[in-house]
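To keep things clear, I will list the structure first and then write my remarks on it.
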Amino acid sequence: MNQAATTGDDLRELYREVILDHARSPRHFGPLPGATHSARGVNPLCGDKLRMYLLVDDDGRIADATFEGSGCAISVASASLLTETVIGMTTGEAQAYFAALVARLSGRNTEAAAAVELGKLRALEGVKEFPSRVKCATLAWHALNSALENDDQAATTE
Amino acid sequence: MPDDPPRETAHWRADFPVLQQDVNGKPLTYLDSAASAQQPAVTRPDLVADYQRRDHANVHRGVHTLSQRATEAYEGARDAVQRFINARSRSEVVYTSGTTEAINLVAQSFCRPRLAAGDRIVITHLEHHSNIVPWQIVCEQTGAELCVAPVNERGEVEPEALYELLDERVRLLAIAHVSNALGTVLPVADIVRVAHERDIPVLIDGAQAAPHLALDMQSIEADFYAFSGHKMFGPTGIGVLYARESLLDAMPPWKGGGDMILEVRFDGTTWNDLPFKFEAGTPNIAGAIGLGATIRYLEGIGMQRIAAYERDLLDYMTSRLSEIPGMRLIGTAEHKASVQSFLLDDIHPHDLGTILDQQGVAIRTGHHCAMPVMDLFGVPGTARASLAFYNTREDVDRLVIALHQARELFAA
């Protein structure tokens with residue numbers, strides 16, 4: 001059967017194979033012993049609850065990242081993709097990436113945002129057609145950002 | 001299979017032009033009436049339009065003609081409410097902004113002056129947040145304790161377990177008539193009888209019952225009964241607190257202002273008669289008139305007929321949903337009304353909601369303002385399809401097709 005015809009191209013864009021794959025088998029899932037930063041992300045509308053853990057080394061580089069919690073396919077896949085993306089970044093790079101992603105998914109693209117290469121996270125761009133789901137896609141990133149901001153120095157020294 | 005739906009359905013549906021539209025390129029299938037029901041486009045006579053175009057003025061205040069007409073329409077709606085719920089007197093019908101305000105009124109005006117440390121309020125595990133939080137607030141204010149009667153795995157309150165809690169410390173029992181998340185219909189008349197044998201007053205949250213069941217205050221014998229206009233095909237911002245006259249008489253006003261007083265003096269103010277003592281300030285006149293018009297519309301169909309039609313439709317929906325592989329029905333009480341919560345495979349309800357919306361199918365997803373119910377079933381939320389008399393088997397069939405498509409999309 002032609003699924004695109006029955007379920008709609010927008011839905012196929014939203015639930016791309018990479019999203020479904022990460023939702024089914026999230027990477028870096030679980031607590032992170034020795035984490036230097038952590039924050040919760042809660043989306044009360046749909047009950048998504050995530051906790052993001054980061055291990056930032058002395059050079060301000062994210063040495064490891066994990067998450068745990070439960071949520072819809074979009075929020076879990078986004079969190080999983082986040083961990084893959086930010087490991088190895090400096091905290092400053094991760095925050096710039098956060099700002100660019102939020103801007104692009106919520107349709108407020110700027111020159112600075114457009115300059116950031118989204119890589120795998122392009123898979124999330126399908127949410128642009130689903131305004132009620134943008135929060136799901138950015139939840140983990142907001143958690144990442146507050147985890148970094150709660151630390152006085154690490155978020156801004158880069 | 002039950003018989004085909006009665007021919008009137010097509011006629012009822014035609015009264016709701018909102019249902020005749022396409023959403024995302026598909027015919028709208030509105031299965032979210034438990035969150036807010038659609039309103040009939042035209043009620044005859046069109047009381048709201050008459051009031052807005054011809055009769056608007058403030059109520060209870062002017063000797064001039066428009067104020068008298070507005071007052072007549074506003075109070076006429078109160079008579080309609082009294083008739084609709086079979087209250088003994090129109091003094092027992094207090095307009096509120098909705099169920100939430102009605103329950104808060106009882107918590108603050110009836111309970112707060114009567115409660116002390118050691119007293120108890122009893123609710124059940126299946127309540128909506130609006131029948132939990134007002135009691136938590138008044139317990140916090142007074143040192144009283146909130147006790148919760150258990151619910152079984154089908155989503156039923158087991159009467160014996162509830163009755164065990166009803167001892168001499170209990171100052172109020174507050175229960176839903178119909179659970180918004182599970183659809184369970186509670187045997188409220190039996191529960192009230194037992195509570196009254198123990199001198200415990202009872203408040204019933206009727207928000208989900210008013211759109212589906214014929215209500216009779218004199219047969220239920222509740223002390224307080226709260227419901228909302230917008231859940232029963234009327235406007236938002238208007239609701240009703242029914243209360244026994246003797247209780248309202250003994251209760252102090254909750255809000256102060258115009259219209260709720262007889263005389264205001266700096267050495268003492270006296271309260272207006274019932275029900276005006278509880279209606280401070282210029283009320284939601286258009287809302288009340290709209291509620292009255294809706295009630296007249298519903299009376300034209302007949303709540304018994306609506307209840308019978310919906311019973312058939314719910315049976316049909318339950319059996320069609322049960323046929324879907326990976327379906328987990330949440331809330332399988334023996335006595336239910338118009339609501340079915342469910343989970344499909346391990347698809348998150350929010351994803352289901354988006355996929356169904358693309359097929360024009362509107363359902364509610366999430367915790368349904370009943371987080372303790374979700375905890376009870378160990379789920380973060382559910383998908384919920386809720387029915388009204390304007391829904392048809394075709395709506396249910398569209399829901400089922402869309403759910404199959406969701407499974408396809410998420411299949412590994």
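Each value in this text was obtained by applying a stated rule to the coordinates, not by laboratory testing. Since this is a predicted model, take the numbers as computed values, not measurements. With ideal geometry, Cβ positions are generated from the backbone for all residues, glycine too; neighbour counts draw on all protein chains shown.
With the convex hull drawn over the C-alpha atoms of the protein assembly as shown, the volume per residue is 201 Å³.
Across region A:24-91 the C-alpha pair distances fall into 5 Å bins from zero in the proportions 4, 19, 28, 24, 15, 8, 2, 0 percent.
For region A:86-144, GluC sites (Glu not before Pro) meeting the loop criterion (DSSP other than H, G, I, E, B) and having at most 10 other Cβ atoms within 10 Å: A:117.
With N set to the number of residues, divide the alpha-carbon radius of gyration of region B:295-371 by 2.2 N^0.38 Å and report two decimals.
Here the Cα radius of gyration is 1.30 times the empirical estimate.
Can you check what the net charge comes to around residue A:105, using other residues whose Cβ is under 12 Å from the Cβ of residue A:105 (Lys, Arg +1; Asp, Glu -1)? Summing Lys/Arg as +1 and Asp/Glu as -1 gives +4. Between residue B:163 and residue B:42, full extension at 0.36 nm per residue minus the direct alpha carbon distance yields a gain of 39.0 nm. The ranking of B:336, B:231 from fewest to most other beta carbons within 10 Å of each one's beta carbon is B:336, B:231. For q = 0.21 Å⁻¹, what log10 I(q)/I(0) does region A:9-63 give under the Debye formula with an equal point scatterer on each alpha carbon and no solvent? Taking Cα atoms of region A:9-63 as identical point scatterers yields -0.95.
Only helical runs count toward this figure. For chain B, summing -39,500 (n - 2.57) over DSSP H runs of n ≥ 4 and dividing by all residues gives -10500 deg cm²/dmol at 222 nm. The order of B:215, B:343, A:105, B:247, going from fewest to most other C-beta atoms within 10 Å of their C-beta, is B:247, B:343, B:215, A:105. Pairwise alpha-carbon distances in chain A exceed 20 Å for 47% of all pairs.
For region B:240-297, the calculated P(r), taken from all Cα-Cα distances in 10 Å bins from zero up to the bin holding the longest distance, is 21, 43, 28, 7, 1 percent.
For region A:4-62 versus region B:131-151, the inter-centroid distance based on Cα atoms is 37 Å.
Counting Cβ atoms of other protein chains within 10 Å of each residue's Cβ and taking the mean over peptide B:349-357 gives 6. One way to sum up the overall shape of region B:46-134 is the equivalent ellipsoid from its Cα gyration tensor, whose semi-axes run 35, 15, 13 Å, largest first. With neighbour counts taken as other beta-carbon atoms within 10 Å, the residues B:36, A:78 rank, fewest first, as B:36, A:78. Convex hull volume of the Cα atoms of region B:311-412, normalised per residue: 98 Å³. Hey, if you drop one equal point scatterer on each alpha-carbon of region B:72-112 and run the Debye formula without solvent, what base-10 log of I(q)/I(0) do you get at q = 0.29 Å⁻¹? Summing over Cα pairs of region B:72-112 leads to -0.97.
Calculated from the alpha-carbon coordinates, chain B shows an Rg and a Dmax of 22.0, 76 Å respectively.
For region B:75-127, chymotrypsin sites (Phe, Trp or Tyr not before Pro) are listed when DSSP marks them as loop and at most 14 other Cβ atoms sit within 10 Å of their Cβ; the list is empty. Over region B:160-292, the fraction of Cα-Cα pairs per 5 Å bin, rounded to whole percents and listed from the shortest bin up, is 2, 9, 16, 18, 18, 15, 11, 7, 3, 1, 0. Along the axis of the charge dipole computed for region B:214-279 (Cβ charges of +1 for Lys and Arg, -1 for Asp and Glu, origin at the Cα centre), the listed residues B:246, B:271, B:229 are led at the positive end by B:229.
Within region B:16-104, list the trypsin sites (Lys or Arg not before Pro) lying in a DSSP loop whose Cβ has at most 15 other Cβ atoms in a 10 Å radius. Those satisfying the criteria are B:61, B:88.
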